[in-house]
Amino acid sequence: MKIKINELQDLCYSALTNVGVKKSDAKIIADDYIEGSLLGNKTHGLLTFPHAIEKAKKTKNKKFKIEKKSQSYALINANTQLGQLVAPAAIDLVSNMAKKYGIAMVGVYNSLPFLRPGSQAEKIAANDLLGLVLINGGGPLVAAPDSIDKIISTNPIGFAIPTTKEPIVCDMAISKKAYGEVRLAKLLSTKLPADSFIDENGKITTNPDDVFAALPFGDYKGFNLGILFEILTGSLVNFGIGYQKKPTEKTNKKYKKTFRGALFIAINPKAFTSLTNFKKKNSQFVKEINSLKKRKGVKDILVPGQRSHRHKQQALKRGWLELDEEIIDQIRKLTS
């Protein structure tokens, strides 16, 4: 179903301000959800906007606090605030420190999620820095290889690298498929991708109602990365890992009820080379990848972020988005 982008913006802003969120915060929150859909991301865009309203009602008066700060690192206690409102402060901190000292890190804990670490990393790259952002994917969701039990989160990671044009932007989880696929399949009454989720007995399932855990990409290789990311967004930033992560309600251990930890890293290319040289080499590398020989039936060879960037530019040019009717109906109900 087609809907104008400015209509979507008005609907989302209204839904947030109706529950008491101030206008400036409503714009930041809504724009993160709209950006996901502009990029063509079905699972980390407007699909989950209703959850934002639920969370905003409870967190609109919360204040995050910078607990530690040095020349090149800082730690933020989000105090259960929405990640979209904590991330700008973390990005400003990490970017300013990296510009001055070459590299910087900002840890965050007790945060509700932001949607895509890649989008946050892109904001770091806009400051002519290499950005790396990790966020804990919630409670235990991913099973260890050869195990039925889930122990680590999907632990998304995003990075963004400046070039002479748009940055290289990667956004990915360590699971084969994002857990949002389960929510999407339930909403649209569709099946799940094959070989990506298991039920309580450890059998592969494509039924979203039977999902118990997600599987890591690349078997033990993806799981090993998941362990690293779990620690970088957990015990390193004063937060829990594995089964130690605490839900917001003792009686409810659901994914959407769990706080998150996050880590923002910025690297200043000027510490090693000139910014001009860095960008030119990266752009040439992108051209080389784009010009690689294609396998039969393949249209384009792209670097991370190119497909999403094209999707966004096309949507902005025509002024509308194509969304599932169920998603649009959900958003409209929030303003009535």
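Scoring HIS51 on the criteria (1) more than 18 Å from the chain's Cα centre (by Cα); (2) surrounded by fewer than 16 Cβ atoms within 10 Å (Cβ to Cβ) leaves a single failure, condition (1).
Determine whether LEU11 is in contact with a Leu (Cβ under 8 Å, 6 or more places away or on another chain), part of a helix (DSSP H, G or I) and surrounded by 15 or more Cβ atoms within 10 Å (Cβ to Cβ). Here the answer is yes, as LEU11 does meet what is asked.
Filtering the stretch 287-326 to residues that are closer than 28 Å to PRO50 by Cβ, of a type in the set (Asp, Glu) and either assigned to a helix (DSSP H, G or I) or open to solvent by less than 60 Å² (accessible area, probe 1.4 Å) (or both) leaves ASP324, GLU325, GLU326.
Once the stretch 154-191 is narrowed to residues that are among the polar types (S, T, N, Q) and out of contact with any Phe, Trp or Tyr (no Cβ under 8 Å at 6 or more places or on another chain), the residue that is most open to solvent (accessible area, probe 1.4 Å) is SER189. Quick one: in the stretch 81-100, which of the residues that are more than 16 Å from the chain's Cα centre (by Cα) and open to solvent by 30 Å² or more (accessible area, probe 1.4 Å) is nearest to PHE239 (Cα to Cα)? Filtering the stretch 81-100 for residues that are more than 16 Å from the chain's Cα centre (by Cα) and open to solvent by 30 Å² or more (accessible area, probe 1.4 Å), the one nearest to PHE239 (Cα to Cα) comes out as ASP92.
Of the residues making up the stretch 175-200, those that are without any contact (Cβ under 8 Å) to a residue 24 or more places away in the chain and not charged (D, E, K, R) are ALA185, SER189, THR190, LEU192, PRO193, ALA194, SER196, PHE197.
Close contacts from the stretch 20-31, counting a first residue that is open to solvent by less than 10 Å² (accessible area, probe 1.4 Å) and a second that is part of a helix (DSSP H, G or I) and among the polar types (S, T, N, Q), with Cβ to Cβ under 6 Å and a gap of 6+ residues or different chains, come to ALA26/THR17; ILE29/GLN84.
The values are calculated or read from the model by the stated rules, or taken from the named source; none is laboratory data. These numbers were taken from a predicted model, which means no experiment stands behind them. All Cβ positions, glycine included, derive from the backbone under ideal geometry; neighbour counts span all protein chains shown. Note: accessible area is taken over every heavy atom of the protein model, side chains too, but ligands, DNA and RNA are not part of it. Shrake-Rupley method; radii C 1.70, N 1.55, O 1.52, S 1.80 Å.
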